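The values are calculated or read from the model by the stated rules, or taken from the named source; none is laboratory data. Computed from a prediction, not measured in an experiment: that's the story for all the values here. With ideal geometry, Cβ positions are generated from the backbone for all residues, glycine too; neighbour counts draw on all protein chains shown. Keep in mind that these areas ignore ligands, DNA and RNA; they rest on the heavy atoms of the full protein, side chains included. Shrake-Rupley method; radii C 1.70, N 1.55, O 1.52, S 1.80 Å.
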Amino acid sequence: MIHSMTGFGRASGALSPRYSVAITGKSVNHRFLEATVRLPEFFWELEPAIRALASEIFSRGKLDISVRVQRTAQPEYNVRINAQIANAIVPQLRSIAKELGLGSFSGGDLLRIPDLLEVEAAESELTDEEREAMMRIVREAFDQMLAMRAREGDSLRNDVLTRLDSIRDLQRRVADRRDEIRDEMLANYKQRVQEIASAAGVDVTEDRIAQETVIMVEKADIAEELTRLGHHAEEIGKAIAGREPAGKKLDFLSQEMLREINTMGSKSRSASLRTLVVELKTEVERIREQVQNVE
């Protein structure tokens, strides 16, 4: 069973009384596995674990994983007065107030001084329970992505199998007409040899003409290409039915099929064969386009 590399998943839940998370994951096709993880700064320690889980579940694709965290309980705060700023500014303010005959300044006036008062949330480390809950929710999002990739994979599988049936039918049509194409080539090559001999003013015996013609026809025979084409089609069917990721193998096999088809087209000038070759190439190109999104 093949899987697509296009998928989407979303999951959310509470990690503890102080945090809840919402996780969104999406994936598109890519030659290798590449994961981008976006986390709040105080959750950065979980990035390696999320990447490891992605590598365990997926083999190919560009993954984009976004984690949004919401506090469900107020954190403790650390309040600190910047003594360096206070020691530098407060004496100067007192001196200015005395010179101008102003009254004393209040604490509210001091709070207007930038960076004098520093308030920071006291972030404590994540607990083991919070880490486990986080990975469970990430896995739920990944499971949804897998389900969508499997559904897309079914559609790709059905399309590729339909194309394979068309290729096998065209292959049989080419094989059925092989003798006809061979006779056509035999007549064309014989005529060509005679024309060349006549243009050169050389007398060539019928036996010699027949010998050269047979050699040229044998070189242009497409039996080997038809056999290899059938083998590649069979291997594609096996790869699709297998359990292992088959995207790279399917891409390689589709390239090999195109190679055999192009060779058949280059070996013959038969109009009927060229028409079938064009149809074969069209079907294989469509398969190759589809397998670019197979994991």
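Under 20 Å from the 7 Å Cα→Cβ point of THR127, by amide nitrogen: which residues of segment 33-76?
Residues 42-46, 69-76 fall inside that zone.
From the phi of every residue in segment 34-40, what ³J(HN,Hα) in whole Hz does the Karplus formula 6.51 cos²θ - 1.76 cosθ + 1.60 yield, where θ is phi - 60° and glycine or proline is x?
Result, ordered by residue: 9, 10, 10, 10, 10, 10, x Hz.
Kindly sort SER166, SER254 by accessible area of their heavy atoms, largest first, with the probe set to 1.4 Å.
I get SER166, SER254, largest accessible area first.
Of all the accessible heavy-atom surface of segment 224-295, with the other protein chains kept in place and a 1.4 Å probe, what percent is carbon and sulfur?
47
Using each residue's phi in segment 280-292, evaluate 6.51 cos²θ - 1.76 cosθ + 1.60 at θ = phi - 60° and report the 3J(HN,Hα) Karplus result to the nearest Hz, with x for Gly and Pro.
Karplus-based 3J(HN,Hα) across segment 280-292 equals 4, 4, 4, 5, 5, 4, 5, 5, 4, 5, 6, 6, 5 Hz.
Report the accessible area of LEU170, computed with a 1.4 Å probe over the heavy atoms of all protein chains in place, in Å² rounded to the nearest 10.
Roll a 1.4 Å probe over it and LEU170 shows about 10 Å².
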